Amino acid sequence: MLVTLRSWQREDRFLLAGLANNIKIWNNVRDRLPHPYKLQHARVFIKYCRKQDPSQILAIEWEGQLVGSIGIEIQEDIARISAELGYWIGEPYWGRGIATDAVRQMLEYAFTAFPQLIRIYARVFEYNKASMRVLEKNSFHLESVQKKSVIKNDHITDEYVWVKFR
């Protein structure tokens, strides 16, 4: 299996819009990812990503095909040594180990490109067991369960915080 991370390209907008416009993906990410996800959303997102130097959000390719997105959000002020990790894989590519490999590569990249980082964490809805397994396979440990801390689809749920240190 060949998984690679790369910078977003303008021509990715069509495939991105097609993959991201999926309620099953939206159900597992923050609400700031719009649903429905349209071509205009993809254009704005790619333009934002291309301005980053070094890049914090990368495209995930599997066997040469765009299949998802992965990124970190570096925190500010006293938390500037931490970054939040987020990722999603298009539904046609689920269950192939792509996310596990993409997270591994992103960790290597992030700890190299951003030497101030000591801690990378991911926040996962209680029902997203597949994402928790991806993090476990990458040696994250469960730091906390924040009870009834988030709302998604008008449903209040727990959020699991997974952490990996440099």
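FYI, it's all coordinate maths here, none of it is from the lab. Since the structure is predicted, the reported quantities are computational estimates derived from the model, not experimental observations. All Cβ positions, glycine included, derive from the backbone under ideal geometry; neighbour counts span all protein chains shown.
What to note about this one:
- Among the residues examined, S139 does not qualify as within 26 Å of A17 (Cβ to Cβ), assigned to a loop (DSSP other than H, G, I, E, B) and not acidic (D, E).
- Taken over region 109-132, the criterion of being farther than 13 Å from N28 by Cβ and under 15 Å from the mean Cα position of the chain (by Cα) is satisfied by Y109, A110, I120, Y121.
- Yes/no for F14 being surrounded by 20 or more Cβ atoms within 10 Å (Cβ to Cβ) and not aliphatic (A, V, I, L, M): no
- Listed by position, the strands (runs of 3 or more DSSP E) inside region 56-121 whose residues that are free of Cβ contacts under 8 Å to residues at least 24 places away in the same chain and in contact with a helix residue (DSSP H, G or I) (Cβ under 6 Å, 6 or more places away or on another chain) number at least 3 form an empty set.
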